[in-house]
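Colleague: The structure under discussion is supplied below as structure tokens; questions concerning it will follow.
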Amino acid sequence: MPRKKKKSNMYWTSITEVAIQAYNKTEDYPVKREKIYRRFLFAPLMKMCENRINQMKPDYIDKTFEDLQADLVTYLTERLCKIKPGKGRGYSYFTRTSWNYLIAENQKGYTKLKQDREPIDVDEQRNVLTELHNDDMRETLKYFMDEFIEYCYENLNRIFTNASDIHVADSVLHLFETRENIEKYNKKELYILIRERTGLQTTNITRVIKTLKNLYETKFEEYSQDNFINLPF
């Protein structure tokens, strides 16, 4: 079954990724470095920060939207050097890093509000840190799954050598890609769905899913530490 084509991110492209590497190689050439940044990196970083702030809507950061966006762009710019060749994609790293920055700043703002709450009434029943942690975990899983699916597709013929296993794995990964549409299914129904798509027995499917599960656990631990899945197998 052909791989489903992923939607492109119009403001962050492969050119942006190449520009990050070029930027990092011009540390001794400030004029050239500034040209690369202004032409290829500033606009994508601004758009990313705009999107992240709009997604989170941090209620407790006492800054204008423009000031917060500028601070976040500066924060990410200082971390461009962390994107090493072969380490992973800058987009994945910066989406996670920007989210963590906003969480930390929002929590600081909430703490300050509690300290200076008069005459403002703060809802003492609300656990903002827990709410943010839950949101953060959902975001982590979302971006990890996107990276994991791409990793598996890139290395499918190395993870599995049997043609039937590759066929099953491709079907499973396709379900992962459309996971927002499968919440209504239980485990048994998903097995039946995969079996109907592949024409193979449950034992074949179980073997492939076990391999993917073990790989998932290994790569999630890697991702939790570095916010990256290293794409080479």
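Colleague: LEU156 - would you say it is modelled with pLDDT under 80 and buried (at least 16 other Cβ atoms within 10 Å of the Cβ)?
Modeller: no
Colleague: Residues of the range 64-85 being of a type in the set (Val, Ile, Thr) and either in contact with a strand residue (DSSP E or B) (Cβ under 9 Å, 6 or more places away or on another chain) or without any contact (Cβ under 8 Å) to a residue 24 or more places away in the chain (or both), which ones?
Modeller: Once the filter is applied, which keeps residues that are of a type in the set (Val, Ile, Thr) and either in contact with a strand residue (DSSP E or B) (Cβ under 9 Å, 6 or more places away or on another chain) or without any contact (Cβ under 8 Å) to a residue 24 or more places away in the chain (or both), the range 64-85 yields THR64, THR74.
Colleague: Separate question: Got at least one residue in the range 32-39 being buried (at least 18 other Cβ atoms within 10 Å of the Cβ), touching a Phe, Trp or Tyr at 6+ places or on another chain (Cβ under 8 Å), of a type in the set (Val, Ile, Thr) and part of a helix (DSSP H, G or I)?
Modeller: Scanning the range 32-39, I find at least one residue that is buried (at least 18 other Cβ atoms within 10 Å of the Cβ), touching a Phe, Trp or Tyr at 6+ places or on another chain (Cβ under 8 Å), of a type in the set (Val, Ile, Thr) and part of a helix (DSSP H, G or I), so the answer is yes.
The values are calculated or read from the model by the stated rules, or taken from the named source; none is laboratory data. It should be emphasised that the depicted structure is a prediction, and the values quoted were computed from it without experimental measurement. Glycine also receives a Cβ, built like all others from the backbone with ideal geometry; neighbour counts cover every protein chain displayed.
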